[in-house]
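Encoded as structure tokens, the structure appears first; notes follow it.
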Amino acid sequence: MNDEKNQIPAPPASDYGASSITALEGLEAVRKRPGMYIGSTDTKGLHHLVWEVVDNSIDEHLAGHCKDIWVTIHPNNSITVKDNGRGIPTGMHEKLQKSALEVVMTVLHAGGKFDKNTYKVSGGLHGVGVSCVNALSIHVRAEVHREGKIFEQEYKQGKPQYDVRTIGDTDYRGTIITFLPDPEIFETDEYKFDVLAHRLRELSFLNKGLRLTLTDEREKEDGVYKTEHFYSEGGLQEFVLWIDEAKQRLIETPIYITANEEGVDVEVAMTYNTSYSENVVSFVNNISTRDGGTHVGGFRRALTREFKKYGEDGGFFKKVNFPISGEDFMEGLTAIVSVKVPEPQFKGQTKGELGNSEVTGIVSRCVGDALKQFLEENPNQSRRIIEKVVLAATARNAARKAREMVQRKGALTGSGLPGKLADCASRNPEESEIFLVEGDSAGGTAKQGRDRHTQAILPLRGKILNVEKALEHKIYENEEIKNIFTALGVSISENDEGHRVLNTEKLRYHKIVIMCDADIDGSHITTLILTFFFRYMRELIEKSHIYIAQPPLYLVKKGKNQRYCWNDKQRKEAQLEFSGGKEDDDSVKVQRYKGLGEMNAEQLWETTMDPTMRLLKVATIDDGAEADRMFAMLMGDEVPPRRAFIEANAKYARIDV
Ligand code: 0RA
């Protein structure tokens, strides 16, 4: 497959023998309960297979033995992962009397990772190894270049088809694993280029110096397979700059910290931009920790402590007559906190949070020392940051006042619900839906078409405020946004540390549906509303309360026959069907719907609102850093990156909208 020239020659044989691989359990369990091992059998689980294999290659890199990893998507959606690591050991496993390669491929947890001398710092969330991939694949081929020989073995649903055999000589070393996921196990078989690309890019930032290549043999660009290379020399420093590409920098170069304490590697890169949002992305052993944990706790503690001391000692807070909170130090901050912990403990429902308590102090000390030094050596940049903190505190204070005003006013006007809201009769949030509709006229149509019992309508006037560019207190003063808050029954308050908390206990609808025209303006308004939810009510997206309505694009008609179509493929099919196969039959009429207003109430109901017929997309956040970057690109000030971004993403919109 990939050109062999890139591989590095074999070093002297290592003393890591075949016998140091520990064997635990069999593979039937994996096929019986795949979810237990790889999380799920949907598209996420499908992609997880790639990460299980790639993680092994990354471990080889971390151990200092692998410079390249190539991932190839083949036309039949099988995947090859090739690396130039040491190669899976192929010698005889003493206890099991088979090749170590066979053991690694067919015995659960036999990756050598329970052996302290060879502990891996990588290893997926599930960290179950290649044997799991093998169990869940209809066909796997493993090829190992090691000690001058090429070894191979093939498997079907995890079962070896023959003993490990040598098929030739080689000057190179490394492992090549090709697998075809089992359609009996997975709900989908399609690999997504951009999902793989996104994680490989992330891995390149997290593992500087490692070259990663993704090739898609399903698609050709200018006569060659679509290929992307990921390589980062600067590691996390480049990562923060990449996340903040569309933002205005407050300091020139990111602050970069590396340290090791008690066997824990700490790597942090941070920078400040002129925006109002905070973006702290964290990793443990290359795995994203969405919900933070003790490493992020230690980072925050150090940051607040050092900046606070610097601000107080320098007299920067003299004129501030209200308390500065920890939150104020985070505004405009973009940071990546990456730690490598020998025995990580993951907590929380989705295991997205680091639990090891010793890590808090370690990170706090390492980051504290480095920040002290930065503050001493860079007075100008430090002043800029502290001034921004003071500004953040001032704005937070103003926002609190504005919020209190709005919430107090709401309480005075009887029911407190906005006059424009046509509420539903039901008071059960679980069955209630609210449609946020672009424009008063479409709002009127929706009011006529809806199911009054469960569907409420809130028309929004034109373009809502771009929250990406507005100061927080402006948001609470904006009529449309106030209406959204009060209609939803959601409020924002502050806890003792100055953290904004979203109160969703009184959420009045479990489905919040954004319904805009199917044109450019409509999609812009959808994005504005999504940006608002992302920045101020993120929890509602995370809990899958936010949906995007999908009005049809066409109505194809011939005589009494008519059919709504949501894309060009459907339209062509309908046209052909109605014309009995004739290409240009004039009696078949196609109406293009540009706006919701072109439909009457009944049409809007049957195409877009009727729960039994409609198509709704749920808004999800796959990746916080990516979503943050995207909203900044789409809605922020910096125009050139926005154009480049939209061009690059025209085909592959990452956020699932
Ligand atoms: C067990 C032990 C060693 C390496 C590996 C497994 C290994 C697994 C994979 C999977 C994909 N690529 C891989 N590369 C290596 C240590 C080998 C040694 O010490 O020689």
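Computed over segment 544-602, relative contact order equals 35 percent, with contacts defined as Cα pairs under 8 Å that lie 6+ residues apart.
Couplings 3J(HN,Hα) for segment 194-211, derived from phi with the Karplus relation 6.51 cos²θ - 1.76 cosθ + 1.60 (θ = phi - 60°), are 6, 5, 5, 4, 4, 6, 5, 4, 4, 5, 5, 5, 6, 10, 4, x, 8, 9 Hz, where x marks Gly and Pro. Going by neighbour counts of Cβ atoms within 10 Å, the residues I38, I621, I386 line up, fewest first, as I621, I386, I38.
Normalised by the number of residues in segment 140-237, the average gap of Cα pairs under 8 Å and 6 or more apart makes the relative contact order 20 percent. A simple rule links phi to the HN-Hα coupling: the Karplus curve 6.51 cos²θ - 1.76 cosθ + 1.60 with θ = phi - 60°, which for segment 341-356 gives 10, x, 10, x, 10, 9, 10, x, 4, 9, 6, x, 9, 7, x, 4 Hz, with x for Gly and Pro.
Here the chain is treated as a sphere whose radius is the Kirkwood value from Cα pairs; by Stokes-Einstein at 20 °C and 1.002 mPa s it diffuses with a coefficient of 77 µm²/s. When the Cα positions of A100, G315, A601 are compared along the charge dipole of the chain, A601 comes out farthest toward the positive end, with charges on each C-beta of Lys, Arg, Asp and Glu.
Comparing H229, N134, M515 along the charge dipole axis of the chain, the residue lying farthest to the positive side is M515, per the Cβ-charge model. Extension gain for the segment L391 to R452, taken as residue separation times 0.36 nm less the Cα-Cα distance, is 17.3 nm to one decimal.
Using a cutoff of 8 angstrom between alpha carbon atoms and counting only pairs six or more residues apart, the relative contact order for the chain works out to 10 percent.
For S491, the amide hydrogen comes within under 5 Å of the amide hydrogens of N503, counting only partners 5 or more places away or on other chains and with H modelled in the peptide plane. Extent of segment 432-545 along its three principal axes (Cα atoms, max minus min coordinate, largest first): 46, 31, 23 Å. Per-residue ellipticity at 222 nm computed for the chain from its helices equals -10500 deg cm²/dmol, with DSSP H segments shorter than 4 residues left out and the rest contributing -39,500 (n - 2.57).
Exceeding 28 Å between C-alpha atoms, which entries from my cross-link table qualify? They are K247/K569; K309/K482; K156/K192; K98/K149; K351/K474. Table pairs above 28 Å Cα-Cα are K247/K569; K309/K482; K351/K474. The GluC sites (Glu not before Pro) found in segment 238-346 that occupy coil by DSSP, while having at most 11 further C-beta atoms within 10 Å, are E252, E262. Between S275 and Q248, the built amide H atoms are under 5 Å apart, and every one of these is 5 or more places off in sequence or on another chain.
Taken about its Cα centre, segment 27-109 carries a charge dipole of about 200 debye when Lys and Arg each add +1 at the Cβ and Asp and Glu each add -1 at the Cβ.
Cβ-to-Cβ counts within 10 Å put F205, F322, F193, F578 in ascending order as F322, F193, F578, F205, the fewest first. Under a model in which nothing but the beta-carbon of Lys, Arg (+1) and Asp, Glu (-1) is charged, the chain shows a dipole of about 1680 debye around its Cα centre.
Of the residues S282, C366, L553, the one whose Cα sits farthest toward the positive end of the charge dipole of the chain, with +1 on the Cβ of Lys and Arg and -1 on the Cβ of Asp and Glu, is L553.
Each reported figure results from applying straightforward, stated rules to the coordinates on display, with no laboratory input. Here the structure is a predicted model, which means the values were calculated and not measured. Cβ sites come from the backbone with ideal geometry, for glycine too, and all protein chains shown count toward neighbours.
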